[in-house]
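Take a look at the structure below.
We did not get these values from a lab; they are worked out from the coordinates using the rules stated. Bear in mind the structure is a predicted one, so any value in this text is a computation, not a measurement. Heads up, the Cβs are rebuilt from the backbone with ideal geometry, glycines too, and the neighbour counts pull from every protein chain shown.
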Amino acid sequence: MKLIYSIYKEYKVLTRDRAGLAITFIMPTVLILIMTLIQDSTFKSVNESSVPLLFVDRDHDSLSQTLEKYINSSKFFAITKKQLSNEEVKKEVAQGHFLIGIVIPENTSKKLRERSTARITKLLNSFSGDSTEIVFSDTSKIHLHLFFDPVTKQSFKTTIGSAIERIISQIEMQGMIVALNTKMKESFPEAKPSAPENAPLVNVTEEYASYNNSSIIPNAVQHNVPAWTLFAMFFICIPLAGNIIKERQDGSAFRLLTMPGSYFIVMLGKLLTYTVVSLVQFILMLCVGIFILPLLGMPQLNIGDNLPLLFLIALSAGLAATGFGLLVGTIATSHDQASLFGSVFIIILAAIGGVWVPTFVMPDIMKTISVISPLNWGLESFYAVFIRNSTIKEIWPEILKLWVFFIATLSGAYLYQKYKRLQ
Amino acid sequence: MIVLVDIQHVSKKYKDAPKAAVNDLSLTIKKGEVFGLLGPNGAGKTTFISMLCGLFQPGSGEIFINGRTHKTHSKECKQIIGVVPQEIALYPQLTAWENLMFLGHMYGLKGNSLKEKIKENLKILGLESNIHQKIISYSGGMKRRVNLIAGLLHNPQLLILDEPTVGVDVQSKQAIIEHLKKLNKESGMTILYTSHHLDEAENFCTHIAIIDEGKLITQGQPQELIRQNNCNSIEDVYLKMTGTKFRD
């Protein structure tokens, strides 16, 4: 009964503190919305997805068709097909409308096939002493035009260049096989050979290293929603610490300490109440990711299908945050001190932990340092569930770290209070 | 009279402090007494009260409450004591009713008996019409009265009042003192009272102890102290014993 009343009291105090509620719920919502919108294009670039590409196909044959199919299948590029002159393509890219422009001139595939066939025919003819020159219908050189915006990443250039080279090789190879086939038929008119096989000998399978065959690609929403939710959960240390300091300053803590067993109950009440608040924050922020962000043109947050595990991560992070709040509230001697120390410390932990800038774009040294931040443990756990559909088997070390942090901060608060009373 | 509180050679020195806050203090508080503990700022009153309430242990000496110590019977000792701190130890965003219900539950009270107790005290102290008003909207005197009720809810045998009438108007002060006198007379509640209102202490207390620099200087019944020191009032006795030097 004491505990229930203690929780009820905390609930009443919290719900009547409008400024505290604003910090607790509105701040993370606004941060998620702003940061997701700001970082969306950056994440797209990091993810190498949806790079605008202008594709001018004057060939309408195998090279252009295969290249277009390949570019589409890579999912890196958003293809726009237009019929423009080379100068116009160059202008479009220069103006930043497209990062890459590709022009496939007319008859490119036909010329390529002819010349490949000619090469093998010439080679085979030379065995029989025939040195007749092959005459082409079109002797002009084959030119593919690629236009790159100067800011285009090298990886995109390499991707396009490799794709074109690979397709040209395929067409050359096909031409050679056709020529060889024709020559062999001439040498063995009675033979009935099977049709040449075009299927590749090696198949390369690309798959995301996720569990349960999930292949969710990380994006700004999947980073920012858990990141800022964790930030808000840990920011709860400021109202919680303020609450503890206020009780100490107005004599309530003194009164509670004189009641049998009550101070422990009151602290437990705070711990449970603020942990529930952090869980409510988590649910609300998920709702922002699922329902609000899509309204702003952002991708919808995909939370995977392991809800109990998500709850466990949120609970662990909530307890870690509340434990930290209790420690700050116990050590700080004034509300100003708690606010300053709490906010600066959380901002540093957030920066280190990959809330502001995700760890996967950090330099190696920062990636190493990031593992000391509890926000990083929570964030990595959320990534694992959202992106890789991980199970408890994969993320238990991160969850254990959050629990150890919670127990350490709680013990620290208890021991500090005991030490101060002994002094 | 039966001894309720027995203080035996209690001392307490804080770390890094140049001298002891309480220095070899011995005194007894008998059941039914209104015991005034007077002294200038820094005399050791708050340290003494904190030890009496079990917030921390004395460096040396023993404190017996009803024959028991906090070391061995913390729960029983705390159950006997009711504390009214000098600060308004209430939650300003909660109503008087919510504050008192919470504190009542923390004392282990519940149900209708708690509700009746709260209503009764609010009525006696003239707060029944403001019962569902937030504490933040109360006047200083109203807050003091609710602060007092919070310490009385569990019918403590020993009520510790740390300057209960500081900063309140005459009407509230009178209501508080009259209620305390009534409790002392009717239920035999023992009261330990500290104040800088020496005239109030003279009229209210049945026994007064003056301490300074952690030591007991003098103690006795108010009129006896006045007579022994050839003074006209407790204030004169106090100034005679502690001097006129500032204690900041």
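Among A:Arg166, A:Arg388, the order by Cβ neighbours within 10 angstrom, fewest to most, reads A:Arg166, A:Arg388.
Of the cross-linked pairs A:Lys110/A:Lys157; A:Lys2/A:Lys270; A:Lys9/B:Lys134; A:Lys420/B:Lys75; B:Lys45/B:Lys117; A:Lys420/B:Lys13, which ones have a Cα-Cα span greater than 19 Å in the structure shown? It would help to have the intermediate numbers written out before the result.
Working: A:Lys110/A:Lys157 25 Å; A:Lys2/A:Lys270 12 Å; A:Lys9/B:Lys134 13 Å; A:Lys420/B:Lys75 21 Å; B:Lys45/B:Lys117 30 Å; A:Lys420/B:Lys13 13 Å.
Too far apart for the 19 Å limit: A:Lys110/A:Lys157; A:Lys420/B:Lys75; B:Lys45/B:Lys117.
Round to the nearest 0.05 the FRET efficiency obtained for A:Asp130 and A:Val361 when R0 = 60 Å and r is the Cβ-Cβ distance.
Values: r = 61 Å, r/R0 = 1.02.
Between A:Asp130 and A:Val361 the formula returns 0.45.
In angstrom, the C-alpha Rg and Dmax of region A:218-351 are 17.2, 57. Remark: region A:95-100, residue by residue, has Karplus-estimated 3J(HN,Hα) of 7, x, 6, 9, 7, 9 Hz, where x stands for each Gly or Pro and the curve is 6.51 cos²θ - 1.76 cosθ + 1.60 at θ = phi - 60°. Phi angles of region A:332-338 translate, via the Karplus equation with coefficients 6.51, -1.76, 1.60 and θ = phi - 60°, into HN-Hα couplings of 5, 9, 9, 4, 4, 4, 5 Hz per residue; Gly and Pro are given as x.
Less than 5 angstrom separates the built amide H of B:Ile208 from those of B:Gly36, B:Gly220, B:Gln221, all sequence-distant by 5 or more or on a different chain. Entry for chain B at q = 0.07, 0.09, 0.10 Å⁻¹: log10 I(q)/I(0) = -0.24, -0.39, -0.49, Debye formula applied to identical alpha-carbon scatterers, no solvent contribution. Shielding of peptide B:143-155 by partners, expressed as the average count of other chain Cβ atoms within 10 Å per residue Cβ, is 1.
Rounded to the nearest 500, the helix-only mean residue ellipticity at 222 nm of chain A stands at -21500 deg cm²/dmol, with each DSSP H run of n ≥ 4 adding -39,500 (n - 2.57).
The value of relative contact order for chain A, using C-alpha pairs under 8 Å at least six residues apart, is 18 percent. When the alpha carbon gyration tensor of region B:1-92 is reduced to an equivalent ellipsoid, its three semi-axes come out at 20, 18, 14 angstrom, largest first. Shielding of peptide A:373-382 by partners, expressed as the average count of other chain Cβ atoms within 10 Å per residue Cβ, is 0. As a size descriptor, the averaged projected area of the C-alpha convex hull of region B:93-140 was calculated at 3.3 nm². Grouping the Cα pair distances of region B:105-248 into 5 Å bins from zero gives a pair-distance distribution of 2, 8, 17, 19, 17, 14, 10, 7, 5, 2, 0 percent in increasing distance order. Amide H contacts of B:Lys31: B:Ile2, B:Val3, B:Leu4, each under 5 Å away and 5 or more positions distant or on a separate chain (H built 1.01 Å from N in the peptide plane; Pro and chain starts excluded). The coefficient of translational diffusion for region A:282-415, derived via Stokes-Einstein from the alpha carbon Kirkwood radius under 10 °C and 1.306 mPa s, stands at 99 µm²/s.
The phi-based Karplus calculation (6.51 cos²θ - 1.76 cosθ + 1.60; θ = phi - 60°) puts the 3J(HN,Hα) values of region B:64-77 at 9, 10, 6, x, 10, 10, 4, 4, 9, 9, 4, 4, 5, 5 Hz, whole numbers, x for Gly and Pro.
As a test of the formula, what do you get for chain B when each DSSP H run with n ≥ 4 contributes -39,500 (n - 2.57) and the sum is divided by the residue count, at 222 nm and rounded to the nearest 500 deg cm²/dmol?
Working: 9 runs with 99 residues, N = 248.
Per the formula, -12000 deg cm²/dmol.
Measuring nothing but alpha carbons in chain A and taking Rh as the Kirkwood radius, the Rg to Rh ratio lands at 1.22.
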